[in-house]
Amino acid sequence: MKTKALITLLSDGQVHSGEALAGLLGVSRTAVWKQVRRAMDEGFKIETIRGRGYQLVSRVDLLDPDLILGGLAPELRARLALRVLDEVDSTNAEVLRQISKDGEGLPVSVADCQTAGRGRRGRSWISPRGENLYLSMGLTFHGGFAVLDGLSLVLGVAVANALEQLGASEIGLKWPNDVFLPHGKLGGILVELQGELQEGVVQVVAGIGINVHMSDLEGADQPWSSLATAFPGLEWSRNRIAGAIITAVVDAARLFSDQGFRDFREPWQKRDIFLGKQVEARGGEIKGTGSGIDENGNYLLRTEREVIPVRAGEISLRVTS
(Lines give C-alpha, C1' and ligand atoms only; values in the text may rest on other atoms or scores of the structure.)
Protein backbone atom coordinates (compact mmCIF):
# COMPACT_ATOMS: atom_id res chain seq x y z
CA MET A 1 0.00 0.00 0.00
CA LYS A 2 1.39 3.37 -0.95
CA THR A 3 0.99 6.60 0.97
CA LYS A 4 -0.71 8.23 -2.02
CA ALA A 5 -3.56 5.71 -1.99
CA LEU A 6 -4.23 6.38 1.68
CA ILE A 7 -4.01 10.15 1.33
CA THR A 8 -6.37 10.04 -1.65
CA LEU A 9 -9.00 8.35 0.52
CA LEU A 10 -8.47 10.83 3.35
CA SER A 11 -8.34 13.90 1.10
CA ASP A 12 -12.05 14.69 1.58
CA GLY A 13 -11.23 15.83 5.13
CA GLN A 14 -13.76 13.45 6.70
CA VAL A 15 -13.15 10.93 9.48
CA HIS A 16 -12.52 7.41 8.13
CA SER A 17 -12.42 4.35 10.36
CA GLY A 18 -9.45 2.04 10.24
CA GLU A 19 -11.80 -0.79 9.30
CA ALA A 20 -13.24 1.11 6.35
CA LEU A 21 -9.79 2.13 5.11
CA ALA A 22 -8.53 -1.43 5.46
CA GLY A 23 -11.43 -2.70 3.38
CA LEU A 24 -10.94 -0.14 0.62
CA LEU A 25 -7.19 -0.69 0.47
CA GLY A 26 -7.32 -4.46 0.83
CA VAL A 27 -5.00 -4.60 3.83
CA SER A 28 -5.21 -5.17 7.59
CA ARG A 29 -6.05 -2.46 10.10
CA THR A 30 -2.49 -2.78 11.43
CA ALA A 31 -1.15 -2.05 7.94
CA VAL A 32 -3.40 1.03 7.79
CA TRP A 33 -2.04 2.27 11.12
CA LYS A 34 1.55 1.78 9.94
CA GLN A 35 0.80 3.66 6.72
CA VAL A 36 -0.78 6.52 8.67
CA ARG A 37 2.39 6.79 10.74
CA ARG A 38 4.51 6.80 7.58
CA ALA A 39 2.35 9.50 6.03
CA MET A 40 2.74 11.62 9.16
CA ASP A 41 6.51 11.14 8.98
CA GLU A 42 6.36 12.45 5.40
CA GLY A 43 4.70 15.64 6.59
CA PHE A 44 0.97 14.95 6.28
CA LYS A 45 -1.06 16.07 9.28
CA ILE A 46 -3.44 13.28 10.30
CA GLU A 47 -5.44 13.24 13.50
CA THR A 48 -6.28 9.96 15.20
CA ILE A 49 -9.76 10.30 16.69
CA ARG A 50 -10.29 7.71 19.39
CA GLY A 51 -13.08 5.28 18.61
CA ARG A 52 -13.74 6.83 15.17
CA GLY A 53 -10.67 6.67 12.97
CA TYR A 54 -8.39 9.03 11.05
CA GLN A 55 -8.85 12.52 9.64
CA LEU A 56 -6.49 14.39 7.33
CA VAL A 57 -6.29 18.00 8.52
CA SER A 58 -3.58 19.36 6.24
CA ARG A 59 -4.38 20.65 2.76
CA VAL A 60 -3.62 18.15 0.00
CA ASP A 61 -2.84 18.95 -3.61
CA LEU A 62 -2.13 15.59 -5.20
CA LEU A 63 -0.47 15.36 -8.59
CA ASP A 64 -2.66 13.73 -11.22
CA PRO A 65 -1.49 13.08 -14.80
CA ASP A 66 -5.05 13.14 -16.12
CA LEU A 67 -5.66 16.59 -14.64
CA ILE A 68 -2.38 17.90 -16.04
CA LEU A 69 -3.15 16.55 -19.51
CA GLY A 70 -6.72 17.83 -19.26
CA GLY A 71 -5.40 21.39 -19.03
CA LEU A 72 -3.58 21.14 -22.36
CA ALA A 73 -4.77 21.73 -25.90
CA PRO A 74 -5.52 18.43 -27.70
CA GLU A 75 -2.62 18.74 -30.16
CA LEU A 76 -0.13 19.33 -27.33
CA ARG A 77 -1.63 16.57 -25.21
CA ALA A 78 -1.11 14.13 -28.09
CA ARG A 79 2.60 15.03 -28.30
CA LEU A 80 3.40 14.74 -24.61
CA ALA A 81 5.26 11.83 -23.04
CA LEU A 82 4.30 12.68 -19.44
CA ARG A 83 5.59 10.93 -16.34
CA VAL A 84 4.21 11.87 -12.91
CA LEU A 85 6.17 10.35 -10.04
CA ASP A 86 5.75 10.22 -6.27
CA GLU A 87 9.50 10.51 -5.81
CA VAL A 88 12.54 10.86 -8.06
CA ASP A 89 16.18 11.79 -7.70
CA SER A 90 15.80 14.73 -10.09
CA THR A 91 13.16 15.52 -12.70
CA ASN A 92 15.94 16.67 -15.03
CA ALA A 93 17.65 13.30 -14.64
CA GLU A 94 14.32 11.56 -15.24
CA VAL A 95 13.79 13.43 -18.52
CA LEU A 96 17.28 12.36 -19.62
CA ARG A 97 16.30 8.76 -18.88
CA GLN A 98 13.09 9.22 -20.87
CA ILE A 99 15.05 10.54 -23.82
CA SER A 100 17.57 7.71 -23.78
CA LYS A 101 14.92 5.02 -23.32
CA ASP A 102 11.93 6.17 -25.35
CA GLY A 103 13.11 8.91 -27.66
CA GLU A 104 9.57 9.73 -28.81
CA GLY A 105 7.18 12.51 -27.98
CA LEU A 106 7.86 15.58 -25.87
CA PRO A 107 9.31 14.24 -22.60
CA VAL A 108 7.97 15.83 -19.41
CA SER A 109 8.58 14.71 -15.85
CA VAL A 110 6.71 15.98 -12.77
CA ALA A 111 7.43 14.75 -9.26
CA ASP A 112 5.91 15.15 -5.82
CA CYS A 113 9.37 15.06 -4.25
CA GLN A 114 13.01 15.15 -5.38
CA THR A 115 15.72 13.45 -3.35
CA ALA A 116 18.59 15.02 -5.30
CA GLY A 117 17.11 18.12 -6.89
CA ARG A 118 19.67 20.25 -8.70
CA GLY A 119 20.06 24.01 -8.94
CA ARG A 120 22.45 26.24 -10.83
CA ARG A 121 26.23 25.78 -10.34
CA GLY A 122 25.78 22.36 -8.76
CA ARG A 123 23.74 23.61 -5.81
CA SER A 124 21.07 21.35 -4.35
CA TRP A 125 17.40 22.30 -4.80
CA ILE A 126 15.40 21.71 -1.63
CA SER A 127 12.35 19.69 -2.68
CA PRO A 128 9.88 18.94 0.16
CA ARG A 129 7.12 16.47 -0.57
CA GLY A 130 3.64 17.58 -1.60
CA GLU A 131 4.23 21.33 -1.42
CA ASN A 132 5.83 22.60 -4.61
CA LEU A 133 6.05 21.95 -8.34
CA TYR A 134 9.10 20.15 -9.72
CA LEU A 135 8.85 19.87 -13.49
CA SER A 136 11.30 19.19 -16.31
CA MET A 137 10.85 19.17 -20.08
CA GLY A 138 12.97 17.99 -22.97
CA LEU A 139 13.20 20.52 -25.81
CA THR A 140 14.90 20.15 -29.19
CA PHE A 141 16.43 23.04 -31.12
CA HIS A 142 17.95 23.18 -34.59
CA GLY A 143 21.04 25.21 -35.42
CA GLY A 144 23.54 24.03 -32.82
CA PHE A 145 24.48 25.50 -29.46
CA ALA A 146 24.92 28.99 -30.92
CA VAL A 147 21.16 29.49 -31.28
CA LEU A 148 20.51 28.97 -27.55
CA ASP A 149 21.77 32.35 -26.27
CA GLY A 150 19.18 33.73 -23.85
CA LEU A 151 17.19 30.49 -23.51
CA SER A 152 17.05 30.58 -19.69
CA LEU A 153 15.64 34.13 -19.91
CA VAL A 154 13.06 32.99 -22.46
CA LEU A 155 11.93 30.27 -20.07
CA GLY A 156 11.72 32.82 -17.26
CA VAL A 157 9.36 34.94 -19.33
CA ALA A 158 7.28 31.85 -20.16
CA VAL A 159 6.95 30.85 -16.49
CA ALA A 160 6.07 34.42 -15.47
CA ASN A 161 3.40 34.59 -18.18
CA ALA A 162 1.89 31.27 -17.05
CA LEU A 163 1.72 32.30 -13.39
CA GLU A 164 0.25 35.71 -14.23
CA GLN A 165 -2.46 34.05 -16.31
CA LEU A 166 -3.38 32.05 -13.20
CA GLY A 167 -3.74 35.19 -11.10
CA ALA A 168 -0.27 35.94 -9.73
CA SER A 169 1.09 39.48 -9.99
CA GLU A 170 4.36 41.35 -9.52
CA ILE A 171 6.40 38.44 -10.86
CA GLY A 172 10.04 39.49 -11.11
CA LEU A 173 12.96 37.84 -12.89
CA LYS A 174 16.51 37.70 -11.58
CA TRP A 175 19.21 37.22 -14.16
CA PRO A 176 19.84 34.62 -15.36
CA ASN A 177 17.39 32.02 -14.09
CA ASP A 178 15.36 32.88 -10.96
CA VAL A 179 11.70 33.81 -10.51
CA PHE A 180 10.88 36.27 -7.73
CA LEU A 181 8.01 37.87 -5.86
CA PRO A 182 8.46 41.12 -3.89
CA HIS A 183 9.10 39.20 -0.65
CA GLY A 184 11.60 36.68 -2.02
CA LYS A 185 12.47 33.89 -4.40
CA LEU A 186 9.52 31.98 -5.86
CA GLY A 187 11.35 29.52 -8.07
CA GLY A 188 14.21 28.77 -10.40
CA ILE A 189 15.07 27.39 -13.80
CA LEU A 190 17.91 25.01 -14.64
CA VAL A 191 18.83 24.55 -18.30
CA GLU A 192 21.08 21.61 -19.11
CA LEU A 193 22.41 21.15 -22.65
CA GLN A 194 23.10 17.75 -24.18
CA GLY A 195 25.44 17.00 -27.04
CA GLU A 196 24.23 17.32 -30.59
CA LEU A 197 21.92 14.46 -31.49
CA GLN A 198 23.05 15.01 -35.05
CA GLU A 199 24.74 17.93 -36.70
CA GLY A 200 22.94 21.13 -35.72
CA VAL A 201 20.33 19.45 -33.50
CA VAL A 202 20.62 20.08 -29.75
CA GLN A 203 18.62 18.53 -26.91
CA VAL A 204 17.88 20.76 -23.92
CA VAL A 205 16.46 19.74 -20.56
CA ALA A 206 14.64 22.59 -18.84
CA GLY A 207 13.99 22.09 -15.13
CA ILE A 208 11.51 24.39 -13.39
CA GLY A 209 10.84 24.56 -9.66
CA ILE A 210 8.05 26.72 -8.22
CA ASN A 211 7.13 27.17 -4.53
CA VAL A 212 3.39 26.58 -4.39
CA HIS A 213 2.12 25.71 -0.89
CA MET A 214 5.36 25.86 1.08
CA SER A 215 5.01 27.80 4.34
CA ASP A 216 8.21 26.83 6.12
CA LEU A 217 11.74 26.08 4.91
CA GLU A 218 14.61 25.32 7.24
CA GLY A 219 18.09 26.26 6.16
CA ALA A 220 17.08 28.78 3.49
CA ASP A 221 19.97 31.15 2.70
CA GLN A 222 17.82 33.93 1.21
CA PRO A 223 14.28 35.34 1.48
CA TRP A 224 11.71 33.22 -0.31
CA SER A 225 7.99 33.19 -1.01
CA SER A 226 5.31 30.85 -2.33
CA LEU A 227 2.17 31.32 -4.39
CA ALA A 228 -0.15 30.30 -1.53
CA THR A 229 1.60 32.66 0.89
CA ALA A 230 1.65 35.62 -1.48
CA PHE A 231 -1.84 35.10 -2.91
CA PRO A 232 -3.91 33.40 -0.19
CA GLY A 233 -7.18 34.37 -1.82
CA LEU A 234 -6.50 32.16 -4.84
CA GLU A 235 -6.82 28.39 -5.07
CA TRP A 236 -3.48 26.99 -6.24
CA SER A 237 -3.43 23.59 -7.93
CA ARG A 238 -0.10 22.03 -8.87
CA ASN A 239 -1.79 20.19 -11.74
CA ARG A 240 -3.16 23.41 -13.17
CA ILE A 241 0.15 25.22 -12.73
CA ALA A 242 1.98 22.37 -14.46
CA GLY A 243 -0.39 22.51 -17.42
CA ALA A 244 -0.05 26.27 -17.72
CA ILE A 245 3.75 26.14 -17.58
CA ILE A 246 4.01 23.29 -20.09
CA THR A 247 1.84 25.23 -22.54
CA ALA A 248 3.74 28.49 -22.02
CA VAL A 249 7.16 26.85 -22.39
CA VAL A 250 6.19 25.03 -25.59
CA ASP A 251 4.81 28.26 -27.09
CA ALA A 252 7.90 30.24 -26.04
CA ALA A 253 10.29 27.58 -27.36
CA ARG A 254 8.54 27.62 -30.72
CA LEU A 255 8.77 31.42 -30.99
CA PHE A 256 12.39 31.40 -29.81
CA SER A 257 13.29 28.72 -32.34
CA ASP A 258 11.64 30.66 -35.18
CA GLN A 259 12.66 34.24 -34.35
CA GLY A 260 15.39 34.12 -31.73
CA PHE A 261 15.63 36.15 -28.56
CA ARG A 262 14.45 39.54 -29.81
CA ASP A 263 10.76 39.20 -28.91
CA PHE A 264 11.64 38.22 -25.32
CA ARG A 265 14.01 41.06 -24.49
CA GLU A 266 11.38 43.67 -23.60
CA PRO A 267 9.09 41.30 -21.62
CA TRP A 268 12.10 40.15 -19.61
CA GLN A 269 13.32 43.69 -18.90
CA LYS A 270 9.90 44.72 -17.61
CA ARG A 271 10.38 42.14 -14.84
CA ASP A 272 14.08 42.79 -14.14
CA ILE A 273 14.56 42.96 -10.35
CA PHE A 274 18.09 44.41 -10.76
CA LEU A 275 17.08 47.35 -12.95
CA GLY A 276 18.39 50.64 -11.56
CA LYS A 277 19.99 48.97 -8.53
CA GLN A 278 23.65 48.88 -7.57
CA VAL A 279 24.87 45.44 -8.55
CA GLU A 280 28.19 43.63 -8.43
CA ALA A 281 29.58 40.66 -10.33
CA ARG A 282 32.67 38.46 -10.26
CA GLY A 283 32.86 38.59 -6.49
CA GLY A 284 32.84 42.37 -6.45
CA GLU A 285 35.32 42.82 -9.28
CA ILE A 286 32.70 44.65 -11.34
CA LYS A 287 30.22 47.08 -9.80
CA GLY A 288 27.62 49.16 -11.58
CA THR A 289 23.98 50.03 -12.06
CA GLY A 290 21.69 47.29 -13.38
CA SER A 291 20.74 48.31 -16.92
CA GLY A 292 18.82 45.40 -18.39
CA ILE A 293 19.98 42.93 -21.02
CA ASP A 294 21.41 43.17 -24.52
CA GLU A 295 20.13 41.46 -27.67
CA ASN A 296 21.87 38.20 -26.69
CA GLY A 297 20.60 38.06 -23.11
CA ASN A 298 23.82 39.25 -21.45
CA TYR A 299 23.24 41.44 -18.40
CA LEU A 300 24.43 45.04 -18.63
CA LEU A 301 26.15 46.89 -15.80
CA ARG A 302 26.63 50.61 -16.26
CA THR A 303 29.77 51.97 -14.61
CA GLU A 304 31.10 55.53 -14.66
CA ARG A 305 33.13 54.76 -17.77
CA GLU A 306 31.29 52.09 -19.75
CA VAL A 307 28.53 49.53 -20.03
CA ILE A 308 29.84 46.04 -19.28
CA PRO A 309 28.01 42.89 -20.46
CA VAL A 310 27.89 40.01 -17.99
CA ARG A 311 27.60 36.70 -19.80
CA ALA A 312 25.26 33.99 -18.60
CA GLY A 313 27.02 30.86 -17.44
CA GLU A 314 30.13 32.73 -16.34
CA ILE A 315 29.19 34.69 -13.23
CA SER A 316 26.32 35.65 -10.98
CA LEU A 317 25.03 39.02 -9.93
CA ARG A 318 24.04 40.28 -6.52
CA VAL A 319 22.69 43.58 -5.23
CA THR A 320 25.24 45.50 -3.19
CA SER A 321 24.26 46.57 0.32
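Selection over segment 225-279 of residues that are closer than 30 Å to residue 303 by Cα and outside any helix (DSSP H, G or I) gives a count of 12.
Kindly establish whether residue 288 is in contact (Cβ under 8 Å) with a residue 40 or more places away in the chain and of a type in the set (Gly, Ala, Ser). No, not satisfied. For segment 94-109, a residue qualifies if it is in a strand (DSSP E or B) and among the hydroxyl-bearing types (Ser, Thr, Tyr), and exactly one does: 109. Picking from residues in segment 1-29 that are open to solvent by 50 Å² or more (accessible area, probe 1.4 Å), more than 20 Å from residue 51 (Cα to Cα) and assigned to a helix (DSSP H, G or I), the one that is modelled with the highest pLDDT is 8. Checked against (1) open to solvent by 10 Å² or more (accessible area, probe 1.4 Å); (2) under 27 Å from residue 147 (Cβ atoms), residue 293 meets all criteria but (1).
When you scan segment 197-206, do you find a residue that is within 21 Å of residue 94 (Cα to Cα), open to solvent by 30 Å² or more (accessible area, probe 1.4 Å) and either touching a residue at least 60 places away in the same chain (Cβ under 8 Å) or in the same structural domain as residue 72 (by the TED database) (or both), even just one? Yes, because at least one residue in segment 197-206 is within 21 Å of residue 94 (Cα to Cα), open to solvent by 30 Å² or more (accessible area, probe 1.4 Å) and either touching a residue at least 60 places away in the same chain (Cβ under 8 Å) or in the same structural domain as residue 72 (by the TED database) (or both).
Given the condition open to solvent by 40 Å² or more (accessible area, probe 1.4 Å), under 14 Å from the mean Cα position of the chain (by Cα) and farther than 30 Å from residue 233 by Cα, answer yes or no: does some residue in segment 102-123 qualify? If you could, list the steps in order and put the result at the bottom.
Within segment 102-123, the subset open to solvent by 40 Å² or more (accessible area, probe 1.4 Å) is 102-105, 115-116, 118, 120-123.
Checking the rest, the ones that are also under 14 Å from the mean Cα position of the chain (by Cα) come to 118, 120.
So of that shortlist, the ones also farther than 30 Å from residue 233 by Cα come out as 118, 120.
Checked against the condition, which is being open to solvent by 40 Å² or more (accessible area, probe 1.4 Å), under 14 Å from the mean Cα position of the chain (by Cα) and farther than 30 Å from residue 233 by Cα, segment 102-123 yields at least one hit.
Among the residues of segment 53-65, is any under 21 Å from residue 245 (Cα atoms) and in a helix (DSSP H, G or I)?
Initially, segment 53-65 is screened for residues under 21 Å from residue 245 (Cα atoms), giving 60-65.
So of that shortlist, the ones also in a helix (DSSP H, G or I) come out as 65.
Checking segment 53-65: at least one residue is under 21 Å from residue 245 (Cα atoms) and in a helix (DSSP H, G or I).
The values are calculated or read from the model by the stated rules, or taken from the named source; none is laboratory data. Keep in mind it's a predicted model, so treat the numbers as computed, not measured. Every residue, glycine among them, receives a Cβ derived from its backbone with ideal geometry; neighbour counts consider all protein chains shown. When the accessible area is computed, the model is the full protein with side chains, heavy atoms only, and any ligands, DNA or RNA have been set aside. Shrake-Rupley method; radii C 1.70, N 1.55, O 1.52, S 1.80 Å.
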